[in-house]
Amino acid sequence: MATTLDSPPTPAKRTSEEDLVRAAKRKDRMTTWGWRIAGYVFFLGIWELASGRVMDENLLPGPSTVFRTFGELWATGEVPGAFATTLSRIAVGFTIAFVVGVGIGILMQNRFLNGFFRDAVTIGVTTPGLIWALITAIIFGNRTVGPLLAIVLTTFAIITVNVSEGIKSLPKDLLDMAKSFGVSLYKRNRHIVIPHLAPFIFTGVRFGFSIAWKVTVLTEVFAASEGIGFEMRTATQLFRLDEFLTWILAFYVLALFLDKIVLESLERRFFAWRGELKS
């Protein structure tokens with residue numbers, strides 16, 4: 001009696017929802033980066049064509065000249081030294097501004113202290129950084145305290161506003177429930193208050209840092225003996241436009257690196273506990 005063996009079933013192609021989502025994200029990321037790179041290529045190409053054709057190359061050095069000058073300045077050690085000086089000022093000044101801003105934001109929950117600080121915070125938010133840079137330059141000259149004070153006066157209010165709004169929107173019902181179940185103050189702060197305030201604080205830090213970066217360079221342009229702003233001023237006084245554009249380009253590159261790479265990485269790492277919403 002003949003027996004027939006059934007052929008084994010053909011293995012089905014495994015395509016899960018996660019694989020599809022991952023592939024879509026990868027495609028979207030490549031498309032985004034492709035258009036971003038195309039934008040850089042387009043504008044740098046227009047700049048290169050304009051240099052020496054639309055305008056004299058001495059008045060508008062092209063990207064190739066600027067990149068070559070950047071390499072020369074880096075080799076001499078001027079770029080790392082100027083970056084280190086400017087970044088150290090930002091680090092110290094913004095740390096002070098952060099501590100002051102958080103402290104005032106907490107104190108403003110009291111209605112009397114809110115009235116005491118309100119106008120100062122409003123002035124801090126609305127006054128352009130250029131004003132503080134000029135004032136500190138006139139008063140302190142090229143002393144180190146000038147840029148530090150300008151950073152604090154310009155950025156503390158942004159931190160204050162974000163912290164104050166975060167505290168006002170704390171989930172009171174959740175805190176009351178935690179108290180009724182005997183949750184300790186440490187655990188309430190760790191699991192409820194800090195996670196709730198973290199987005200407000202990070203938003204204030206990112207906005208404040210971007211402003212602190214610009215104000216620091218402004219104060220160095222007006223009154224400083226070293227730093228990126230000082231190098232910009234020196235290049236303009238000597239009419240070295242290739243060096244001036246090189247320092248501007250270096251300023252942009254470092255600012256983008258600190259914001260998009262450093263701060264965004266810290267933010268993603270801090271909020272990794274939230275994960276991603278999956279449908």
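On inspection, L87 fails the criterion of being over 30 Å from A157 (Cα atoms), assigned to a helix (DSSP H, G or I) and of a type in the set (A, V, I, L, M). Evaluation of V221 against the conditions (1) surrounded by 22 or more Cβ atoms within 10 Å (Cβ to Cβ); (2) hydrophobic (A, V, I, L, M, F, W, C); (3) closer than 17 Å to G141 by Cβ shows that the sole unmet condition is (1). The set of residues from the range 120-143 being surrounded by 14 or more Cβ atoms within 10 Å (Cβ to Cβ) and either among the hydroxyl-bearing types (S, T, Y) or in contact with a strand residue (DSSP E or B) (Cβ under 9 Å, 6 or more places away or on another chain) (or both) comprises T127, T136. Every test in (1) at pLDDT below 85; (2) surrounded by 11 or more Cβ atoms within 10 Å (Cβ to Cβ) is passed by E72 save one, and that test is (1). Taken together, the residues in the range 106-119 that are loosely packed, with under 15 Cβ neighbours inside 10 Å and either without any contact (Cβ under 8 Å) to a residue 12 or more places away in the chain or among the charged types (D, E, K, R) (or both) amount to 9. Look through the range 239-279, keep the residues that are more than 21 Å from P80 (Cβ to Cβ) and at pLDDT 85 or above, and return whichever of them is farthest from the chain's Cα centre (by Cα). The residue in question is F239. Among residues of the range 126-139 that are without any contact (Cβ under 8 Å) to a residue 40 or more places away in the chain, none has a beta-carbon under 7 Å from a residue that is surrounded by 14 or more Cβ atoms within 10 Å (Cβ to Cβ) and not aromatic (F, W, Y) at least six positions away or on a different chain.
Looking only at residues in the range 224-262 that are assigned to a helix (DSSP H, G or I) and charged (D, E, K, R), the one that is farthest from R143 (Cα to Cα) is K260. Checked against the criterion of being within 18 Å of V215 (Cβ to Cβ), of a type in the set (F, W, Y) and modelled with pLDDT under 90, the candidates F94, F112, F83 yield just one match: F83. In the range 150-179, the qualifying residues are those that are in contact (Cβ under 8 Å) with a residue 24 or more places away in the chain and surrounded by fewer than 19 Cβ atoms within 10 Å (Cβ to Cβ), and the one that is nearest to L134 (Cα to Cα) is E165.
The values are calculated or read from the model by the stated rules, or taken from the named source; none is laboratory data. On a predicted model such as this, the values are computed, not experimentally measured, just so you know. So basically every Cβ, Gly included, is an ideal-geometry build from the backbone, and we count neighbours across all protein chains shown.
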